[in-house]
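First the structure, in the form of structure tokens, and then the observations on it.
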Amino acid sequence: MIVVGVGVGPGMLTEEGIKAIRKASVVYGAKRALEIAQEYITCEAKTIKDYKALHLLPADAVVLSTGDPMFSGLGKFAGEKDTVIPGISSMQAACARTKVNLTNLCAITAHGRDFEPAKAELIRELRNGRNIFLLPEESFGSREVAEILKELGIEAELYTCENLGYPEERIAKGTHDNPPIAETILYGLLVVQKR
């Protein structure tokens with residue numbers, strides 16, 4: 001299979017990804033991924049029903065992954081002989097919008113899973129002086145991160161980056177005393193420590 005990152009939103013699909021989609025004989029993806037890539041799909045498009053069965057797809061099947069497949073995406077299902085084509089991730093878009101350098105950034109995901117391991121990693125990386133890009137979970141977002149920052153005595157700017165690439169894109173900035181609150185579940189949280 002060929003896993004193609006369609007980017008975090010419209011207009012963020014790479015030329016390499018577009019070529020793979022146009023050449024495909026069948027394309028699979030979640031509803032949002034199919035919508036992002038729809039203008040390039042010239043074959044049958046199917047909604048993924050069983051993610052654990054992706055490894056059973058034919059070698060030439062294209063599977064669309066929102067954002068970048070290797071950042072909390074469908075690249076985890078790629079086998080040794082499969083191809084992964086990167087896409088523009090929410091982390092890249094958020095850093096570009098806020099002008100935060102990627103070089104001291106730690107990517108953490110709590111999205112769709114138990115957030116406790118992500119919380120432990122967040123604390124460890126904050127203590128190591130790293131900035132964080134977090135894909136939050138409904139019960140582990142900006143408010144919870146703000147409380148952790150207070151407990152650790154770390155001052156940082158917090159950014160909620162919502163609907164990146166869409167017309168309703170929204171970036172809100174705050175601190176641990178006044179954290180920005182996301183209005184949707186489609187967001188990333190950027191934590192930039194003050195030096």
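The values are calculated or read from the model by the stated rules, or taken from the named source; none is laboratory data. No experiment lies behind these values; they were computed from the predicted model shown. All Cβ positions, glycine included, derive from the backbone under ideal geometry; neighbour counts span all protein chains shown. Ligands, DNA and RNA are excluded from the accessible area calculation, which covers all protein heavy atoms including side chains. Shrake-Rupley method; radii C 1.70, N 1.55, O 1.52, S 1.80 Å.
Things to note:
- Think of a 1.4 Å ball rolled over the protein heavy atoms: the stretch 57-97 then has 46 Å² of accessible area per residue.
- Taking every alpha-carbon pair under 8 Å whose residues sit at least 6 apart, the chain reaches a relative contact order of 20 percent.
- Given Lys49/Lys76; Lys76/Lys173; Lys49/Lys119; Lys46/Lys76; Lys119/Lys194; Lys31/Lys173, the pairs whose alpha carbons are separated by over 22 Å: Lys76/Lys173; Lys49/Lys119; Lys31/Lys173
- Size of charge dipole - the stretch 84-163 - debye, nearest 20, with Cβ of Lys, Arg +1 and Asp, Glu -1, no other charges: 320 debye
- DSSP-defined antiparallel bridges as percent of all bridges, the stretch 91-193, nearest 5: 75 percent
- By DSSP, the beta bridges lying fully in the chain are antiparallel in about 50 percent of cases.
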